[in-house]
Amino acid sequence: MKKTYIYLLFGLMVIAQIVASAQIVYKHETVINSGNVYKFTTAPIDPSDPFRGKYIVLDFDINSFPTTDEDWNYGEKAYLYLGKNANGYAYIDTLSKTKLANNPNDYILVELGSHYNGKIHFDLPFDTYYMEESKAYDAELLYRENNRRGEAQEVYAVVHIQEGTHVLTDVVVNGISIKDAVKK
């Protein structure tokens, strides 16, 4: 009798783990299939970090919002509402401490950084792009080479956003997916 309960509890635990994992996958796949696609222009990064795994670290041009309000706290969460231009590139519509009921734009939750020079700074939550281990180093070199200050290169991240959920699906370098560019 005792073994039956143990097997039953174990079975329920396994089912619960499968359901939880399936919900996460379903949520991200739904965003990829039906969310709005934004292009985020990337910025140069510090090229070396020996503690990072097999992925590319991204930095973005969108990293601050002008404000004269001093009532922003470091580490606080805020809603970043986005718009996109005719070419699909993201721009900041507004930044708010609370979710805005009447704003039709997509939003993501960001963690606030410092407030200086009339701007509140933040990091976008999708700053890592995971790749196949054998291609990650070549992709990082290609990204770094094509994302130097002062050079006119088209490097952007493709991010799907829907109801606060975001999925980074690609990094594009001069019109070519970075996955395809490192194959050559």
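The values are calculated or read from the model by the stated rules, or taken from the named source; none is laboratory data. These numbers were taken from a predicted model, which means no experiment stands behind them. Cβ coordinates were reconstructed from backbone atoms using ideal geometry, including for glycine residues, and neighbour counts include every protein chain displayed.
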The one condition Leu95 fails out of (1) surrounded by fewer than 19 Cβ atoms within 10 Å (Cβ to Cβ); (2) more than 15 Å from Lys39 (Cα to Cα) is (1)
Q) Is it fair to say Leu12 is assigned by TED's automatic domain parsing to the domain that holds Ile120, of a type in the set (A, V, I, L, M, F, W, C) and at pLDDT 90 or above? A) no
Exception for Thr42 within (1) within 20 Å of Gly88 (Cβ to Cβ); (2) loosely packed, with under 10 Cβ neighbours inside 10 Å falls at (2)
Result of the Cβ filter at 7 Å on the range 111-132, keeping first residues that are without any contact (Cβ under 8 Å) to a residue 40 or more places away in the chain and partners that are small (Gly, Ala, Ser) and loosely packed, with under 13 Cβ neighbours inside 10 Å, at least 6 apart or interchain, is Glu111/Gly75
Of the residues in the range 1-39 that are touching a residue at least 40 places away in the same chain (Cβ under 8 Å) and not in a helix (DSSP H, G or I), the one that is surrounded by the most Cβ atoms within 10 Å (Cβ to Cβ) is Tyr38
If we keep only residues of the range 15-43 that are among the aromatic types (Phe, Trp, Tyr) and at pLDDT below 85, then the residue nearest to Val172 (Cα to Cα) is Phe40
